[in-house]
Structures are given as C-alpha cells and as structure tokens.
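Below is one structure, written out as structure tokens, with a few remarks after it.
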Amino acid sequence: MIIICPSCNRQHKVDETRLSEKVKAAKCVFCGHRFPISRPGDTESEAAKPAEVVQPVHGKEWPRRRIAVSLSKGGVGKTTTSVNLAAGLALAGFKVLLVDTDTQGQAAYMLGVKPKAGLTELMTGEVIAEQCLAEARERLWLLAGGRSLAGVKRLIARKDFRGEMTLTEALTPIDGRFDYVIVDTSPGWDVLTINVLFYVQEVLIPVSLEVMSIQGLLEFSRSLASVQNYHKDLALKYVVPTFFDKRVKQSEEILNQLKAHYNSRLCPPIRYNVRLSEAPGYGKTIYEYAPGSPGAKDYRDLVRRVAGDQTLLS
Ligand SMILES: Nc1ncnc2c1ncn2[C@@H]1O[C@H](COP(=O)(O)OP(=O)(O)OP(=O)(O)O)[C@@H](O)[C@H]1O
Ligand SMILES: [Mg+2]
C-alpha cells in the first residue's frame, strides 16, 4: 500500500501485512508530520488516501511512454542522447524520469548532480523510492547509475525465476507519475540490458555514422528480436544517426544505407558538434550550455520527433 503524507505530499511504501490493526496513524519520514491512515474498507475520513497518480504538467493527452536508448557498441552517443532527450522533453512541459542503468554513472555527471542514492538503492529496496529520485531540473528526475549497479547485476543473475523482470518490478510503482521514462543503457549486452528491454515498449538506437556501428546495429537488432519473441510490445521506434559530418563522405553513404533499411524509423541526424562534448564538463545540458548551437537544434528536433509535436520548444 502506498500512502501520501498530506503535509509534504511524499509517498511512503507500507507493507499492510505487517501493519497491526491497531495502527491508525503514521509519521512522515521526510517532514515528521503525523497523520491518520486509512486502509481499504475504512470509511471516508480525514485519513491519508492511497496514492493517486499525479497529473501531468503538460495539459495534453498523457503518453506515459518508456523508451530505452540502447546499442551494444560504446561511444555512439547513448548518454548524450538520453540526457538531452530527457531534458528537452522536460523543457517542453512533460514530466520525465531519466534512468541510468550504466555502471559508468555518467548521466548524473552530465546533469551536474551528485545524488546520494539511485537505481541500485531502489532495486535493492534499501532506500524508499522517493529518496532514490534526484530532481535534476524542473520536471526532470534522475535515477542515477554507478558502480554499485554491478552488485544489482549479480543479484539479478542469481535469481532462478523472472530475473528479467527485476527492473520492471522496481520501477512500476513509481513510473506512473511521469509522462516519459527514458532509460540510458550501458555498452555491451548483459542482464541489466535485458531487464531494460523487458521494461520499455520503445527502443531508440543512436548510431554513429561509421562502418563499425552498422555492424553493431545489425548485431543489436538480432538480440532485440530475441527479446521481442517474449516481449511482444517492444518496438524499435527510432534510429538516430549521430556524429554526422557532411564533410566526411562516409557519413553521407552510411546515412543513405540507414535510410534504405529503416526509412520512416530513421530520424534526422545529430551533427558532430564540439559543444555537445564540452557541455558535460560544465554539468549542463546542450540547451543550457549552447542553446544556439547545431547540437541544441538537432536535439530539439529529436524531442519534437519523439513527442510527435512540431510546435514544441519553438
Ligand atoms: N554529436 C556529437 N558531437 C560531438 N561529440 C559528441 C556527440 N555526441 C556525443 N559526443 C561525445 O562523444 C563521447 C561519447 O558520447 P556518449 O558518452 O554519449 O556515448 P555512449 O554511447 O553513452 O558511450 P558508452 O557506450 O561508453 O556509454 C562523449 O564525450 C560525448 O560528449
Ligand atoms: Mg553512455
């Protein structure tokens, strides 16, 4: 059972089965407020009600989408894309959760925040969900990754049953509060990547425009198909070419190959832009660091494409 403190509005997870019938009140661990609690079957009272999903800030239809940004190959722009897509959607008025499932923990660094808890603590249940979420920007929350996720991978690997659903089980109680959940994945292919693909419905693949990436894309597509056999709602929705450089002939050629293969799923490319590589050093998104740069323009276009609304961020 989830109850909300009527004073500070924070949520608390309570195991009803361990709660004695005599307990009629609770004390909020965040603000210290004491309040009466109600249970299913209780008559209407002043008591705190079970949590209702918070309405989205954005006035339109609530998309509630879960998108993984993934490709086994390293250094193709997964984290840059996750951070700037999530931040752009938040700027556009959506409530966004960015989940970093990488042991490198770079999403927090890119956003210039140092959360005390993150995805590991949420998945191990050591810390209640509310304290694992770091509010990185207005309407943008982060579940940070980091080295401690290695322990989570071992925990998943040891499970005999439904190990692939561990992330889904951990995130489902909180993700209803967000319009978008964007999940950044680590390079490679491991139990956590599989968990991510069982959690999301959509996959966005950033592909750097070089021959090796196409090879990586084909391999990843095969692995994706093997998960789709068990998770029918999973769809490859977007292929985003990254590091596009018009001056490099190869860039244009690979872009044409991608067009032929992925047609409507292919998004306009993200150009090579040195501002994108500088922004993380200042803990800033591209919109904050260089709002007029080609990198900011390209990521705004991607936000509009993913949200399906060309009027956003204009
Ligand atoms: N379009 C771009 N133009 C210039 N530099 C970029 C661009 N996109 C990303 N970078 C830089 O390239 C490097 C790799 O990007 P990023 O960390 O996003 O890749 P990744 O796929 O997440 O890597 P990993 O697989 O290690 O997690 C970073 O230093 C980033 O700042
Ligand atoms: Mg990364």
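The values are calculated or read from the model by the stated rules, or taken from the named source; none is laboratory data. All values derive from a computational prediction rather than experimental measurement. In this analysis, Cβ positions are derived from the backbone assuming ideal geometry, glycine residues included, and neighbour counts consider all displayed protein chains.
Anything in the stretch 198-211 that is more than 18 Å from Ala129 (Cα to Cα), crowded, with 24+ Cβ neighbours inside 10 Å and more than 16 Å from ligand 1 (Cβ to nearest atom)? List them, or say none.
Val200
Could you grab the pairs with beta carbons closer than 6 Å, sequence gap of 6+ or different chains, first residue in the stretch 128-143 and at positive phi, second one at pLDDT 95 or above?
Partner pairs satisfying both residue conditions: Arg139/Ala90; Arg139/Lys95.
Name the residue that is modelled with the lowest pLDDT, counting only residues in the stretch 301-314 that are part of a loop (DSSP other than H, G, I, E, B) and surrounded by fewer than 18 Cβ atoms within 10 Å (Cβ to Cβ).
Looking at the filtered set, the residue picked out is Ser314.
Given (1) over 16 Å from Leu236 (Cβ atoms); (2) in contact (Cβ under 8 Å) with a residue 24 or more places away in the chain; (3) surrounded by fewer than 18 Cβ atoms within 10 Å (Cβ to Cβ), where does Glu219 come up short, assuming only one miss?
The failed condition is (1).
A quick yes/no check of all residues on (1) touching a helix residue (DSSP H, G or I) at 6+ places or on another chain (Cβ under 6 Å); (2) in a helix (DSSP H, G or I); (3) under 29 Å from Phe243 (Cβ atoms):
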position	(1), (2), (3)
Ala136	yes, no, yes
Gly151	no, yes, no
Ile182	yes, no, yes
Ile194	yes, yes, yes
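Give the residues of the stretch 146-192 that are acidic (Asp, Glu) and surrounded by 23 or more Cβ atoms within 10 Å (Cβ to Cβ), sorted by residue number.
Once the filter is applied, which keeps residues that are acidic (Asp, Glu) and surrounded by 23 or more Cβ atoms within 10 Å (Cβ to Cβ), the stretch 146-192 yields Asp179, Asp184.
Output yes when any residue across the stretch 176-191 is closer than 24 Å to Ala87 by Cα, among the acidic types (Asp, Glu) and assigned by TED's automatic domain parsing to the domain that holds Ala136, and no when none is.
Scanning the stretch 176-191 turns up at least one residue that is closer than 24 Å to Ala87 by Cα, among the acidic types (Asp, Glu) and assigned by TED's automatic domain parsing to the domain that holds Ala136.
Against the conditions (1) in contact with a strand residue (DSSP E or B) (Cβ under 9 Å, 6 or more places away or on another chain); (2) within 16 Å of ligand 1 (Cβ to nearest atom); (3) part of a helix (DSSP H, G or I), where does Leu98 fall short? Just the number, please.
(3)
Scanning for something more than 16 Å from Ser72 (Cα to Cα), of a type outside the set (S, T, N, Q) and within 16 Å of ligand 2 (Cβ to nearest atom), does the stretch 242-251 turn up at least one residue?
Checked against the condition, which is being more than 16 Å from Ser72 (Cα to Cα), of a type outside the set (S, T, N, Q) and within 16 Å of ligand 2 (Cβ to nearest atom), the stretch 242-251 yields at least one hit.
Has the stretch 73-89 got any residue that is surrounded by fewer than 19 Cβ atoms within 10 Å (Cβ to Cβ), in a loop (DSSP other than H, G, I, E, B) and within 16 Å of ligand 2 (Cβ to nearest atom)?
yes
Okay, residues lined up against (1) more than 18 Å from Ser82 (Cα to Cα); (2) not small (Gly, Ala, Ser):
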residue	(1), (2)
Lys249	yes, yes
Ala260	yes, no
Gly292	yes, no
Val306	no, yes
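Take the stretch 8-33 and flag every residue that is modelled with pLDDT of 70 or more and among the aliphatic types (A, V, I, L, M).
Result: Val14, Leu19, Val23, Ala25, Ala26.
Determine whether Arg271 is of a type in the set (Lys, Arg) and either touching a residue at least 60 places away in the same chain (Cβ under 8 Å) or more than 19 Å from Lys78 (Cα to Cα) (or both).
Criteria not met by Arg271.
Can you find a residue in the stretch 287-300 that is more than 16 Å from ligand 2 (Cβ to nearest atom), part of a helix (DSSP H, G or I) and of a type in the set (Ser, Thr, Tyr)?
yes
For the stretch 34-59, which positions are modelled with pLDDT of 70 or more and loosely packed, with under 14 Cβ neighbours inside 10 Å?
Arg34, Pro36
Cβ-Cβ distance below 6 Å, separation of 6 or more or different chains: which pairs start in the stretch 171-187 with a residue that is free of Cβ contacts under 8 Å to residues at least 12 places away in the same chain and end on one that is basic (Lys, Arg) and within 13 Å of ligand 1 (Cβ to nearest atom)?
none
So, Ala107, is that one at pLDDT 95 or above, touching a helix residue (DSSP H, G or I) at 6+ places or on another chain (Cβ under 9 Å), of a type in the set (Gly, Ala, Ser) and not in a helix (DSSP H, G or I) or not?
So Ala107 fails the test.
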